[in-house]
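Chemist: Please read through the structure below; I'll follow up with questions.
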Amino acid sequence: MRVCLMRFWELIVVFEEIRDRHFSGVFNFLSTKAKELSSDFEKRKDLATVGEMKDFVANKLKSLKSQHKSLALHIGASEHIINIKSKSDFEEQLKAEHSLLEGGHIKENVAYIEEAINRQYPLMHSLRLLCLMSQVLDGLPKQDYKNLKTEFLQSYGYDHLLTFFNLKKLGILTEQEQTKLLLKGVDNFKLGGKVAAEKVATTVASALPRSSSYQVLCRKLNLIPQGEEINLKNPSDISYVFSGAFTPLTVRLVEKVRI
């Protein structure tokens with residue numbers, strides 16, 4: 001493995017121009033930048049006097065070399081990312097993530113996560129989707145949690161029981177808690193004891209409309225742009241970072257503080 005060491009100021013020459021761009025436009029920008037840099041290098045052939053040559057070497061050549069070195073590094077990194085992207089189900093993953101953030105199509109998203117697990121996509125790919133769904137829904141539905149956990153362990157190994165334990169302990173990947181009030185109320189009807197009461201309570205709870213804390217935040221702070229076309233090349237809204245699908249909560253909080 002070859003290690004490339006560069007000074008920070010050499011890296012920042014190009015990085016400053018791409019850091020705030022949407023990832024879909026970075027490679028095109030680098031390509032344009034490479035053509036401009038090549039054109040600047042070619043200008044040295046038009047130098048007619050020693051004075052012009054001296055000025056070029058003293059003022060422009062060093063800068064062009066730094067830009068060239070930085071540009072080569074970023075293009076190499078972009079190519080590596082594109083190669084990884086082409087080997088994975090990136091577009092479908094992005095679509096699933098956006099759908100989860102919108103809070104709809106739960107069955108379709110569960111089916112996609114099951115497919116990712118059963119086809120043994122990279123472990124973090126499947127685990128991130130499970131955690132995202134859990135955060136959006138305030139926990140996975142009880143049966144979905146049980147099924148997905150079983151399939152995950154069968155696919156990736158039972159040593160990840162500890163992974164599920166730790167994520168549940170941190171509140172990152174949990175199952176939804178049944179409403180204690182429903183359990184108590186149904187139990188009072190004496191429908192054959194606790195087991196029957198739990199079954200009825202589960203059925204009733206699943207039928208009731210329910211908003212997670214995430215969904216409440218989305219409505220109050222407008223985290224999900226509604227019907228807005230986001231320009232990814234010249235964005236005017238921070239949601240462009242997530243392709244117009246989501247606005248980071250911290251940004252909305254800062255906006256509220258500034259008002």
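The values are calculated or read from the model by the stated rules, or taken from the named source; none is laboratory data. For clarity, every value in this text was computed on a predicted model and none was experimentally measured. Heads up, the Cβs are rebuilt from the backbone with ideal geometry, glycines too, and the neighbour counts pull from every protein chain shown. Side chains included, ligands, DNA and RNA excluded: accessible areas come from the protein's heavy atoms. Shrake-Rupley method; radii C 1.70, N 1.55, O 1.52, S 1.80 Å.
Chemist: With respect to GLN176, determine if the residue is in contact with a Pro (Cβ under 7 Å, 6 or more places away or on another chain) and either open to solvent by less than 60 Å² (accessible area, probe 1.4 Å) or at pLDDT 85 or above (or both).
Modeler: yes
Chemist: Identify all residues within segment 223-259 that are open to solvent by 100 Å² or more (accessible area, probe 1.4 Å) and in a loop (DSSP other than H, G, I, E, B); write none if there are none.
Modeler: Passing the criteria: GLN226, GLU229, LYS233, ASN234, SER236, ILE259.
Chemist: Whether any residue in segment 186-207 is hydroxyl-bearing (Ser, Thr, Tyr), modelled with pLDDT under 90 and under 21 Å from CYS131 (Cα atoms) is what I want to check.
Modeler: yes
Chemist: Search segment 55-107 for residues being open to solvent by 90 Å² or more (accessible area, probe 1.4 Å) and acidic (Asp, Glu), and hand back the single one that is farthest from VAL26 (Cα to Cα).
Modeler: GLU102
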